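Here is the structure we will look at.
Nothing in this text is a laboratory measurement; each read-out follows from the coordinates by a stated rule. These figures come from a predicted structure and were not determined experimentally. Neighbour counts are summed over all protein chains in view; Cβ atoms, including those assigned to glycine, are modelled from backbone coordinates with ideal geometry.
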Amino acid sequence: MNAPDVAVVGGGVIGLAIAWRCAQRGLRVTVHDPDPGSGASSVAAGMLAPVTEAHFGEEPLLRLALAAARGWPEFAAELSEAAGEPLGYRTDGTLLVAYTDDDLREIQRLHRFYESLGLPAEPLTGREARSLVPLLAPRIRGGMVASGDHQVDPRRLSRALLRAVARAGVSVLRQRVERLADLAAGRVVLAAGCWAGQLADLPVRPVKGQVLRLRTPGPPEFRLTVRALAGARPVYLVPRDDGEVVVGATMEERGYDVSVTVGGVYELLRAAMDVLPEVGEYQLVETCAGLRPGTPDNAPLLGVTADPRLIAATGHHRQGILLTPVTADAITELLVTGSPPELIAAFDPQRFRRVSVEVGE
Ligand code: GLY
């Protein structure tokens, strides 16, 4: 085969979506990954949550996240049509609740922050929260609902993307890339999540998240994603139609360690059961840990690197699933036209390099 136009390193949802979009624009594409769809993509809970994942000081990321959320319905429809299978995309909204009075004060502070940014979230009393999710513990103090924060099943998303890329003529090569220089492609897109920092000079680090998968015999008796602060411990529970409930997640700076620990599982289950006692009746079917690709400002690295042949598409940290379609569209636009769309201007992979040069001077 002649050298492809684009070699995508990393077959998680970001790499596969970029490959799919590039192939749709007529580029010849290969994807390189020993186990496509594994890694962080298979651990993620799949929350599409621009509001309840918004953090103080991350406004540029919020703009990207909101644009991503707006694009999700069309992306989900187009991809499930192309793959011939559903993604488990649901638009039931997200409830954020407080277990203690201190947790409630923190959620009220968050609500003021959301309001200052014009983000849609309605404050709720404990009674109002329980009317939305009757399984909530009676002592829940209150919270808020973000109706625009949705969810998708990341494992179905990976499967659908693998099918769609195959149908679009992308070659998926199940091999590990040791050196980017060995790839004979016009351009290389580095979408290797937290491993990107080992292949190129990029400031990406692994941020471990332990996640549990629970199961009920039928569909869970709650449809909204439930996020909570339970005695200052953050936890989320994401229900799926097929009976799965994903509980997450720890945030740990432990390098490339993906061990599941007794303490991690205990803390997640304790917080989940404080908020939704019914969880104690569910089956615990899987425990796993994934590595989020974190960056110094926890925003992604999207665009041309110091090596003009190399394009970064990594560093999505807690928002990889949400940012998949918008990343794929922007990186494809960059590859096809040679210029990055305005939407990703704030995420130049070289932004930290400039800071260190200025500080060093
Ligand atoms: N997006 C949720 C997490 O990273 O745990």
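Note on the range 186-225: the C-alpha convex hull projects to 5.9 nm² when averaged across all orientations.
For the chain, the alpha-carbon coordinates run over 64, 52, 37 Å along the three principal axes, in decreasing order.
The relative contact order of the chain, computed from alpha carbon pairs under 8 Å that lie at least 6 residues apart in sequence, is 24 percent.
Toward the positive end of the charge dipole of the range 159-306, with +1 on the Cβ of Lys and Arg and -1 on the Cβ of Asp and Glu, the farthest Cα among Ala289, Gly209, Gln198 is that of Gln198. Run the simple label-point estimate for Glu221 and Glu122 please: 7 Å along Cα→C-beta, distance reported in nm. So the label points at Glu221 and Glu122 sit 2.4 nm apart. With bins 10 Å wide beginning at 0, the percent of Cα pairs of the range 62-187 falling in each bin runs 11, 27, 24, 20, 13, 5, 0. Here Val247, Val165, Val145 are placed in order of increasing Cβ neighbour count within 10 Å, fewest first, which gives Val145, Val247, Val165.
Using the Cα atoms as the points, what is the convex hull volume per residue of the range 143-203 in Å³?
Measuring per residue, one finds 177 Å³ for the Cα hull of the range 143-203.
Taking the helices alone, the chain has a mean residue ellipticity at 222 nm of -10500 deg cm²/dmol, built from -39,500 (n - 2.57) per DSSP H run of at least 4 residues and averaged over all its residues. Looking at the square roots a ≥ b ≥ c of the eigenvalues of the Cα gyration tensor of the range 156-243, which shape do they give, rounded for a/c under 1.5, prolate if a/b is larger than b/c, or oblate? Verdict is oblate for the range 156-243. Comparing Cα centroids, the range 128-194 and the range 1-64 end up 8 angstrom apart. Computed over the range 280-361, the P(r) tail beyond 14 angstrom holds 68 percent of alpha carbon pairs.
Counting other Cβ atoms within 10 Å as a rough exposure proxy, the listed residues Arg240, Arg174 run Arg174, Arg240 from fewest neighbours to most.
At an R0 of 25 angstrom, the distance between the Cβ atoms of Gln283 and Glu252 translates into a FRET efficiency of 0.50. Once you compute Rg and the Kirkwood Rh from C-alpha atoms, what is the Rg to Rh ratio for the range 182-289? Radius of gyration relative to Kirkwood radius: 1.11. Ranked for footprinting exposure by Cβ neighbours inside 10 Å, fewest first, Thr324, Thr287 give Thr287, Thr324. Overall shape of the range 1-142 was characterised from the C-alpha gyration tensor. The equivalent ellipsoid obtained from it has semi-axes of 38, 17, 14 Å, in decreasing order. Just going by the charge dipole of the range 71-146, with Lys and Arg at +1 and Asp and Glu at -1 on Cβ, which of Pro138, Leu117, Thr94 is farthest out on the positive end? Most positive-ward Cα: Pro138.
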